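Structure first, then comments.
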Amino acid sequence: MSLHIESAKPEAGTPRARISLGIALAFIVIAIVVFCALFGASIAPDSPFTQRLEVGDAPPSGQFLAGTDLLGRDVFSRVIYGAWTALVGPLVVAVGAWVIATVLGLLSGYLGGMVDSATMRWVDFMLALPAPLIAIVVVGVVGGGYWTAVLVLIILFTAPDTRIVRSAVLEQRPRPYIDAARALGISKTRILFVHILPNVLPIVLAYVVLDFAFALVNLAGLSFLGLGVEPGTPDWGRMLFENRTILFTNPVALLLPAFMIILTAVSMNLIGDWLFERLTR
Amino acid sequence: MTAIASVTTSQPLPLLRVRDLTISAGGHAITTGTNLELARGETIAIVGESGSGKSLTAKAIARLLPPAVTAAGSISYDGQDLMALPEREMRQIRGRRLSMMLQDPFTMLNPLMKSGLHIAEMLRDRPEFRDRTAMNAEVARRLGEVGITDPDVAERMPFQLSGGMSQRVAMAAALARDPELLIADEPSTALDVTTQAEIIALLKRVQKKRGMSLILITHNLRLAFSTCDRIYVMYAGSLLEVGSARAVEDDPFHPYTLGLLLSEPPAEKRVARLIAIRGQVPRADEVAGRCTFADRCDWAKDKCRAGMPPLIEQAPGRFGACIRRNEIAAEMRDLRGAALETATVALSAPPSDKPLLRAANIVKEYSGRSGTVVRALKGVSIEIGPGESVGLVGESGSGKTTLGRTLVGLETPTSGAIEIAGIGASKFSAMSAVDRTATRRTIQMVFQDPYSTLNPRHSVRRSLTEALRTIGRFTKAERDARVAELLREVSLPESYAERRPSSLSGGERQRVSIARSLAVNPKILVCDEPVSALDVSVQAQILNLFKRLQQELGLSYLFITHDLAVVRQVADRIYVLYLGEIVEQGSAEEVIARPKHPYTQRLISSIPR
């Protein structure tokens, strides 16, 4: 899943000052997406909901930069509005999974014994499940659309993240600085959260960014299957589904949201890799 | 570049002649203009502390530098210029004509190859060993040469061998193609003291028998003097002194060599205070273009920093790079004499009736693989009196670290009783909170590895205040004052409080970790090999710090170490731990002068003299 477009490593001996072009572009892409999600209403040229059945699926023109869809809605504006669901859901998934995984991983790695066994067997069980299929089944049966999907993804993503946190904790645990803290009589909770956590956080943070990219793709997939957002909501995955029939009359209506999903996910992956390189050195 | 007329040895054509060898990485110089000469059958030592460039010099000779590290200059081996050789021809020379032995015996052998195969691999292209039985006989003969007579060893995997055994197999493999020159890079450093002596003795014996040349790379000056004909002293990428071992030891020409000699704790006597070199080893490119040692030298003048002093012949066969040699020779000699005179037997604290710490019959068992029980400690009893400094000497696997960790409550003994300042402390988890806190404040620990003893994400101030938190609530002003005081106690400037461990040297980190354990005003410090990972010059500083703290704060120490010379300098009494049992105890003077147990005797005879 990780992509390297060019060596982001600085030369040996020089400080890690330089950012490669790829990373810079990734940051710009994410900045634009965030901006659209927050201020979409003020920058979009048109409302995403206004239907113009008389126009129908028109190709790009001066008035509609990316053309219109079957109902004559402005595709460009819908893509801008779509940044919101592309950002919020994955963000909640990433942060949610991160918080739960950090607590579970810290406890399981540091305390060991029963806590560790129980947590790890749960993780094994979760990893044995086909994640996208579970999401489809749960959202399909329970209903609730987008936010149910977010919740399911949090639970699914927590399992592998817990394992990562745990292994990072196991690496820190035998170090003398932890022994020194124990010998000083510092409490377990404090050792966990003040002494170990800052040392495992960078590794976890890098994985969280990757979670975001996975969640984005998964949520878009569910929306495409009609299990995500409400019909009519401007959402990139949903737009893929709605506009699949007008591929030949207005291909931009399909390709632009598809392109945005890929661009955002790739950018996040690049940033995740870059963070990992930077923080774990 | 050092303009040097010629470093000639008695023999006309040296086997190896290195001229102006400059090693650099990414535009930074690692060594500058090294000149080396080695005659056939001669043994030389390249002595230096970490970062001196000694190992890279050795690797450059074998053309085995890591990628991105480049070498310039000329290396002439038996009249052949190695630097100009294509890699394919160089491969013919490695192993056959010059061979290398590396430090870590556990990673040097291929973990998936039987030990005998490492040797067979080197003999594969010899037609006379095509035959399987002939090959096996040859492997057995080669192993015999390095003292392995058990024919089984050839069939064992590396993980089934002890460190000393692995090092022997590696030596046999390095010697398999009968090289004329063997470069041994810290061949004994990773081994136990007694094994160290065996490996070095073996190396010397094989070298003599074969008439082979040997380059010994080491940080251990005493080892170099006792095994080598000539010594090259290297510091921060440049050679500071070259001469015959005897001559350099008797009368060092360079202040750095003198400093190293004085820093090294003598095993035969206890000195009031070691004469340490101040500061720490700089990076080569920080001190380029001047005397590399000037910043740490008591005799440095402006002219020392004006340019790089050349390595010149200052007496027949003796080369030195100190331009003030003639002016300061008398002073240096006086200092050497004074250092030996200050040696007075320190007052041994009388064994108190009421020991501060008493451990009786401590047994510690671990469950090993497939249900076997490993007994790390087999009923160990020790006592530490108030203000007393006790040494715990033993090799790896003796259980000395386990005992230390058990005393501070990091491990719980399987059976036995521990009493610290009148409180029963055998099982920390079963103690009342008040007792546990009181005990934690009485006994603290200083750990071996300076690189992981501090939390990498905490500043020095944070590390120290974390320790202070455990003894009560303080206002910010009180906390800051105490942090400043602690830093002062370990001789670090107050500005260090804001630093992260990554910006501190090994010695500085060890000072901070000592300050951290002092934060709770303990009465006993358990020091687990606190200086073994440090450079000799820094080691002396830290040992002096321990001595000063004991006088100022009336601390008791349990000094866990494998190094008798170190323990001699700090301990009043010694316990010798061997395979989980105390085999000998008594006053430091008595035990070292008249060891009774065969193991102690072996330990003492292993110190290179």
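The values are calculated or read from the model by the stated rules, or taken from the named source; none is laboratory data. Keep in mind the model is a prediction, meaning the values are calculated, not measured. Backbone-built Cβ (ideal geometry, glycine too); neighbour counts: all protein chains shown. Quick note on the areas: whole protein, heavy atoms, side chains included, nothing else; ligands and nucleic acids left out. Shrake-Rupley method; radii C 1.70, N 1.55, O 1.52, S 1.80 Å.
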key: In the range B:419-437, the residues that are under 24 Å from A:Ile178 (Cβ atoms), away from chain A (no Cβ under 14 Å) and under 37 Å from the mean Cα position of the chain (by Cα)   = B:Ser426, B:Lys427
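Residues are listed down the side, and each one gets a yes or a no for (1) among the small types (Gly, Ala, Ser); (2) within 30 Å of A:Ser267 (Cβ to Cβ); (3) surrounded by 18 or more Cβ atoms within 10 Å (Cβ to Cβ):
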site	(1), (2), (3)
A:Leu87	no, yes, yes
A:Ala135	yes, yes, yes
A:Val138	no, yes, yes
A:Gly143	yes, no, no
key: Scan of the range B:457-481 for residues that are open to solvent by less than 60 Å² (accessible area, probe 1.4 Å) and either within 7 Å of chain A (Cβ to nearest Cβ) or in contact with a strand residue (DSSP E or B) (Cβ under 8 Å, 6 or more places away or on another chain) (or both), ordered by number   = B:Glu466, B:Ala467, B:Thr470
ask   = In the range A:118-187, which helices (runs of 4 or more DSSP H) lie fully inside it and hold 3 or more residues that are under 17 Å from the mean Cα position of the chain (by Cα)?
value = A:131-142, A:145-172
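If we only count helices (runs of 4 or more DSSP H) wholly inside the range B:411-500, which ones have 2 or more residues that are in the same structural domain as B:Gly385 (by TED's automatic domain parsing) and of a type in the set (Val, Ile, Thr)?
B:433-442, B:460-469
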task = All but one of (1) assigned to a helix (DSSP H, G or I); (2) at pLDDT below 85 hold for B:Thr189, so report the exception by its number.
result = (1)
query = Among (1) within 25 Å of the chain's Cα centre (by Cα); (2) at pLDDT below 90, where does B:Arg369 come up short?
reply = (1)
query = If you go through the range B:157-182, how many residues are within 23 Å of the chain's Cα centre (by Cα), within 12 Å of B:Glu145 (Cα to Cα) and without any contact (Cβ under 8 Å) to a residue 60 or more places away in the chain?
reply = 1
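For (1) in contact (Cβ under 8 Å) with a residue 60 or more places away in the chain; (2) out of contact with any helix residue (DSSP H, G or I) (no Cβ under 8 Å at 6 or more places or on another chain); (3) under 24 Å from B:Gln550 (Cα atoms), each residue gets a yes or a no:
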position	(1), (2), (3)
B:Ala433	no, yes, no
B:Thr439	no, no, yes
B:Ser452	no, no, no
B:Pro456	no, no, no
B:Arg462	no, yes, no
B:Ala484	no, no, yes
B:Tyr496	no, no, yes
message = Here's a check for you: in the range A:266-281, which residue that is in contact with a Pro (Cβ under 9 Å, 6 or more places away or on another chain) and assigned to a helix (DSSP H, G or I) is surrounded by the most Cβ atoms within 10 Å (Cβ to Cβ)?
response = A:Met268
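If you go through the range A:160-190, how many residues are under 26 Å from B:Leu464 (Cβ atoms), among the β-branched types (Val, Ile, Thr) and crowded, with 19+ Cβ neighbours inside 10 Å? Break it down into steps so the answer makes sense when it comes.
Of all residues in the range A:160-190, those under 26 Å from B:Leu464 (Cβ atoms) come to A:168-169, A:171-190.
So of that shortlist, the ones also among the β-branched types (Val, Ile, Thr) come out as A:169, A:178, A:186, A:189.
From what's left, crowded, with 19+ Cβ neighbours inside 10 Å: A:169, A:178, A:186.
Residues meeting the conditions: 3.
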request  = Could you please find all residues in the range B:383-406 being more than 14 Å from chain A (Cβ to nearest Cβ) and either without any contact (Cβ under 8 Å) to a residue 12 or more places away in the chain or not in a strand (DSSP E or B) (or both)?
outcome  = B:Gly385, B:Pro386, B:Gly387, B:Glu388, B:Gly394, B:Glu395, B:Ser396, B:Gly397, B:Ser398, B:Gly399, B:Lys400, B:Leu403
ask   = From the set of residues in the range A:66-85 that are among the hydroxyl-bearing types (Ser, Thr, Tyr) and within 11 Å of A:Phe49 (Cα to Cα), which is surrounded by the most Cβ atoms within 10 Å (Cβ to Cβ)?
value = A:Ser77
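Listed here are the residues, each with its yes/no results for (1) among the small types (Gly, Ala, Ser); (2) closer than 26 Å to B:Gln167 by Cβ; (3) in contact (Cβ under 8 Å) with a residue 12 or more places away in the chain; (4) open to solvent by 70 Å² or more (accessible area, probe 1.4 Å).
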{"residue": "B:Tyr77", "(1), (2), (3), (4)": "no, yes, yes, no"}
{"residue": "B:Met101", "(1), (2), (3), (4)": "no, yes, yes, no"}
{"residue": "B:Ser115", "(1), (2), (3), (4)": "yes, yes, yes, no"}
{"residue": "B:Pro127", "(1), (2), (3), (4)": "no, no, no, yes"}
{"residue": "B:Val139", "(1), (2), (3), (4)": "no, yes, yes, no"}
{"residue": "B:Pro151", "(1), (2), (3), (4)": "no, yes, no, yes"}
ask   = Could we say that A:Leu270 is at pLDDT 85 or above and touching a Gly at 6+ places or on another chain (Cβ under 7 Å) here?
value = yes
request  = Evaluate the following for A:Met114: is it over 19 Å from A:Val209 (Cα atoms), open to solvent by 40 Å² or more (accessible area, probe 1.4 Å) and more than 14 Å from chain B (Cβ to nearest Cβ)?
outcome  = yes
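Which residues, taken from the range B:482-496, are closer than 28 Å to B:Leu407 by Cβ and either facing chain A (nearest Cβ under 9 Å) or open to solvent by 10 Å² or more (accessible area, probe 1.4 Å) (or both)?
Step one: filter the range B:482-496 for residues closer than 28 Å to B:Leu407 by Cβ, giving B:482-483, B:485-487, B:489-492.
If the condition is that a residue be closer than 28 Å to B:Leu407 by Cβ and either facing chain A (nearest Cβ under 9 Å) or open to solvent by 10 Å² or more (accessible area, probe 1.4 Å) (or both), then B:Arg482, B:Glu485, B:Glu489, B:Ser491, B:Leu492 are the ones that fit.
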ask   = Which pairs have Cβ atoms under 8 Å, sit 6 or more apart or on different chains, and link a residue in the range B:407-425 that is without any contact (Cβ under 8 Å) to a residue 24 or more places away in the chain to one that is in a loop (DSSP other than H, G, I, E, B)?
value = B:Thr412/B:Ser426; B:Thr412/B:Lys427; B:Ile423/B:Met431; B:Gly424/B:Met431; B:Ala425/B:Gly409; B:Ala425/B:Met431
message = Please return the ranges of strands (runs of 3 or more DSSP E) entirely within the range B:222-316 where 3 or more residues are surrounded by 19 or more Cβ atoms within 10 Å (Cβ to Cβ).
response = B:230-235, B:238-244
request  = Mind counting the residues in the range B:23-56 that are of a type in the set (Val, Ile, Thr), over 26 Å from B:Gln207 (Cα atoms) and open to solvent by less than 30 Å² (accessible area, probe 1.4 Å)?
outcome  = 2
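Here is a check on your reading of the model: is B:Val380 open to solvent by less than 10 Å² (accessible area, probe 1.4 Å), at negative phi and within 14 Å of chain A (Cβ to nearest Cβ)?
no
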query = Looking only at the range A:246-261, which residues are outside any helix (DSSP H, G or I) and touching a Ser or Thr at 6+ places or on another chain (Cβ under 8 Å)?
reply = A:Asn250
task = Note down all Cβ pairs under 8 Å where the first residue falls in the range A:85-108 and is of a type in the set (Phe, Trp, Tyr), the second is open to solvent by less than 30 Å² (accessible area, probe 1.4 Å), and they're at least six residues apart or on different chains.
result = A:Trp98/A:Asp161; A:Trp98/A:Val204; A:Trp98/A:Val208; A:Trp98/A:Asp211
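Please tell me if B:Leu545 is closer than 20 Å to B:Arg278 by Cβ, within 14 Å of chain A (Cβ to nearest Cβ) and surrounded by fewer than 24 Cβ atoms within 10 Å (Cβ to Cβ).
Here the answer is no, as B:Leu545 does not meet what is asked.
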